[in-house]
Amino acid sequence: MRIILTGSCGQLGREISILLSSRKSFYHQVFRDELHLIEVNSSQLDITNQNETATLIKSVKPSLIINCAAYTNVDQAEEAAELAYQVNALGPKNLALGAGTVGAKLVHISTDYVFDGRGIWQGNQLIPYGETDKTNPINVYGKTKLAGEIFVRDLCSQSFILRTAWLYGEKGPNFVKTIMAASKRKERLQVVHDQFGCPTNAADLAAFLLDLAATEAYGLYHCTGKGSCSWFEFASKIVSLSGGKAMVEPIDSGQLTRRALRPQYAALDNQRLEAVLGKTMPPWEASLEAFIKNMPTS
């Protein structure tokens, strides 16, 4: 079984590669075939180039394509809308078309930013977004990611679209590493308390993604750490678990100057994923604790 993994140098791509390599015999049984992983990054494959993408897919003839490639700089996307659209929308479109030509499954990663953040009200309580709730992105990044979802949904019948959020992993920069480093050199950290979401360990997402890819339950899923919190609560937990000395202070998001708007409430409901796989994503606190505990000390 040949698998093409795009965005292989990113946080999620790295975790998928590690899982497939370290548990090769297990995934051999899951996919019922010997695995051959073809990892590509942006310098090896330009997914915005339809001919280049089609040529690689026809040459490899994969059974599965996992698309972790994305333009993720939310603020910069406001000024680089065309580039963000090419990577986040046209790239998935090209992969979906290519997957169709060889009969491959396609797993595509999307985001909580497809929602406007006003939330879903049940009585007087906000509840997490489900897959069928109305999308309404409020920034360029979210709009381009939603466009990518639509292309994948419409052009590849054997596709899985996974929306995730607040991703962190061992590879590359992320919020967890930033807070850990800052808490060791600063006395005070100011973090917004009025934006809510679901912290997600990339290793957890990788494992659930691969389990889902072994099924034929195609469609749209939410896949985040179980539970939700504010960025302030997330940062406070990071400092506490990592032994940082900084005091974390809550501030309003209006006190920050950012080019792109952020959803205020973007917690996601994983019920469909749990129903299909018969298991739940770990609580975000437990995954964060394990991640920090296992981080290299150097």
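Enumerate the calculated ³J(HN,Hα) couplings along the range 119-125 in order (Karplus 6.51 cos²θ - 1.76 cosθ + 1.60, θ = phi - 60°), each rounded to whole Hz, writing x wherever the residue is Gly or Pro.
x, 10, 9, 10, x, 9, 10
Restricting to the range 71-197, what percent of DSSP beta bridges are antiparallel, rounded to 5?
In the range 71-197, DSSP labels about 35 percent of beta bridges as antiparallel.
Only one of the listed values, (1) 37, 20, 19; (2) 38, 30, 22; (3) 31, 22, 19, was derived from the coordinates as semi-axes √(5λ) of the Cα gyration tensor in Å; which label is it?
Correct label, based on the coordinates given: (3).
On a 0 to 90 degree scale, rounded to 10, what angle separates helix 231-242 from the longest Cα axis of the chain?
The angle comes out at about 90 degrees.
Could you work out the helix-only [θ] at 222 nm for the chain, with each DSSP H run of four or more residues adding -39,500 (n - 2.57) and the total divided by the number of residues, to the nearest 500 deg cm²/dmol?
-11500 deg cm²/dmol
Roughly what % of DSSP beta bridges within the chain run antiparallel, to the nearest 5?
Among the beta bridges of the chain, antiparallel pairing accounts for roughly 15 percent.
How far, in degrees from 0 to 90, does helix 175-185 lean away from the longest principal axis of the Cα atoms of the chain, to the nearest 10?
The two axes meet at around 40 degrees.
Work out the FRET efficiency for Lys24 and Glu187 from their Cβ-Cβ distance, taking R0 = 41 Å, and round it to the nearest 0.05.
It comes to 0.30.
Explain nothing, just compute: Karplus ³J(HN,Hα) = 6.51 cos²θ - 1.76 cosθ + 1.60, θ = phi - 60°, for every residue of the range 150-155 in order, whole Hz, x for Gly and Pro.
Couplings: 5, 4, 5, 4, 7, 9 Hz.
In the range 8-82, what trypsin sites (Lys or Arg not before Pro) fall in a loop by DSSP, with at most 12 other Cβ atoms inside 10 Å?
Arg32
Checking the table Lys134/Lys171; Lys186/Lys293; Lys171/Lys293; Lys184/Lys293; Lys145/Lys293; Lys61/Lys134 against a 26 Å threshold on Cα-Cα, which pairs fail?
Lys134/Lys171; Lys145/Lys293; Lys61/Lys134
Apply the Karplus curve 6.51 cos²θ - 1.76 cosθ + 1.60, θ = phi - 60°, to the phi angles in the range 68-76 and return the couplings in whole Hz, x for Gly and Pro.
Karplus values, whole Hz, x for Gly and Pro: 9, 6, 6, 9, 10, 6, 4, 6, 5.
Report the relative contact order of the range 1-148, percent, no decimals, based on alpha-carbon pairs under 8 angstrom and at least 6 residues apart.
The value is 26 percent.
What is the Cα centroid distance between the range 1-62 and the range 111-165, reported in whole angstrom?
25 Å
Order these by the 10 Å Cβ neighbour count, fewest first: Asp204, Asp252.
Ascending Cβ contact count within 10 Å gives the list Asp252, Asp204.
Compute the acute angle (0 to 90°) between the alpha-carbon long axis of helix 284-293 and the principal axis of greatest extent of the alpha-carbon atoms of the chain; round to the nearest 10°.
Between helix and principal axis, roughly 90 degrees.
Bear in mind that the values in this text are calculations on the coordinates, not laboratory data. It should be emphasised that the depicted structure is a prediction, and the values quoted were computed from it without experimental measurement. Note that each Cβ is placed from the backbone with ideal geometry, even for glycine, and that neighbours are counted across all protein chains shown.
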